[in-house]
Amino acid sequence: MNQERASKFLSLVLRHKPEEIGLMLDAEGWADIAQLISLANKKGTPLTRELLIDIVANSDKQRFAIDANGTRIRANQGHSVAVDLKLAPQVPPAQLFHGTASRFVASIREQGLHAGARQHVHLSPDTETATKVGTRHGQPRILVVNAAAMHRDGFVFFMSDNGVWLTNAVPVAYIDFPE
Ligand code: HQG
């Protein structure tokens, strides 16, 4: 099994559908590594501990983390299942960026940014990252979020362990749209 396939499998079971293989996540999103491997193998996914460690250590996006004991793994962000990552609120940079697709812009102009299936709206610290995120959905468009004003007005921001900024929703008033 290559790293990319294994990483997609981990995203599925650690963010969205643990029940697909009968896995239990705890309240903070952690899964027992031995149990994860055994359940995956039973369902015909040839995951190994070496592969997990390799992905956690070497994947460019650092999507997953292993705990200090080396016994548990979780996704750093991106969940649709209800987990509390126990992230501490953080003061955001003055501006954050949201990469989306051109076809979503009209709707975002009306409704602002909402989390959709996920637990949070995901914001990027730079336009390069936002462009990559937007390109996943289609013709990329970069929205600029006035994070300083949101923070001043009491909106709470978190930063995941892999550097993605998270907030519950972004009202239209705080978004600058491209021409
Ligand atoms: C859009 C990746 C219409 C929103 C990335 C986005 C990220 C609206 C889509 C992470 C809307 C949701 C998350 C509205 C928001 N009307 N469309 N009012 N509000 N949208 O995939 O941010 O590779 O759930 O613009 O790096 O694209 O998986 O969110 O286009 O951090 O590790 O609804 O996924 O990380 O799409 O991506 P997603 P996202 P990984």
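The values are calculated or read from the model by the stated rules, or taken from the named source; none is laboratory data. Bear in mind the structure is a predicted one, so any value in this text is a computation, not a measurement. Here Cβ is always computed from backbone atoms with ideal geometry, including for glycine, and neighbour counts include all displayed protein chains. With ligands, DNA and RNA removed, areas are computed over all heavy atoms of the protein, side chains included. Shrake-Rupley method; radii C 1.70, N 1.55, O 1.52, S 1.80 Å.
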**Message:** All but one of (1) open to solvent by less than 40 Å² (accessible area, probe 1.4 Å); (2) under 21 Å from ASP60 (Cα atoms) hold for PHE157; state the number of the condition that does not hold.
**Reply:** (2)
**Asked** Out of (1) within 11 Å of the ligand (Cβ to nearest atom); (2) part of a loop (DSSP other than H, G, I, E, B); (3) closer than 16 Å to LEU113 by Cα, what's the single condition that is false for GLY163?
**Response** (3)
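Considering only region 81-118, state which residues are assigned to a loop (DSSP other than H, G, I, E, B), of a type in the set (Lys, Arg) and either open to solvent by less than 40 Å² (accessible area, probe 1.4 Å) or within 12 Å of the ligand (Cβ to nearest atom) (or both).
We begin by selecting, within region 81-118, every residue assigned to a loop (DSSP other than H, G, I, E, B); these are 81-94, 112, 114-118.
Now drop any that are not of a type in the set (Lys, Arg), which leaves 86, 118.
If the condition is that a residue be assigned to a loop (DSSP other than H, G, I, E, B), of a type in the set (Lys, Arg) and either open to solvent by less than 40 Å² (accessible area, probe 1.4 Å) or within 12 Å of the ligand (Cβ to nearest atom) (or both), then ARG118 is the only one that fits.
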**Request:** Consider THR71 carefully, then state whether it is away from the ligand (no atom under 14 Å from the Cβ) and in contact with a Phe, Trp or Tyr (Cβ under 6 Å, 6 or more places away or on another chain).
**Result:** no
**Asked** All but one of (1) in a loop (DSSP other than H, G, I, E, B); (2) open to solvent by less than 80 Å² (accessible area, probe 1.4 Å); (3) not β-branched (Val, Ile, Thr) hold for MET150; which doesn't?
**Response** (1)
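Return yes when GLY134 is farther than 26 Å from LEU52 by Cα, within 9 Å of the ligand (Cβ to nearest atom) and outside the structural domain of SER7 (by TED's automatic domain parsing) and no when it is not.
Details: farther than 26 Å from LEU52 by Cα: yes; within 9 Å of the ligand (Cβ to nearest atom): yes; outside the structural domain of SER7 (by TED's automatic domain parsing): yes.
Criteria met by GLY134.
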**Asked** If you go through region 22-53, how many residues are open to solvent by less than 60 Å² (accessible area, probe 1.4 Å), in a helix (DSSP H, G or I) and of a type in the set (A, V, I, L, M)?
**Response** 7
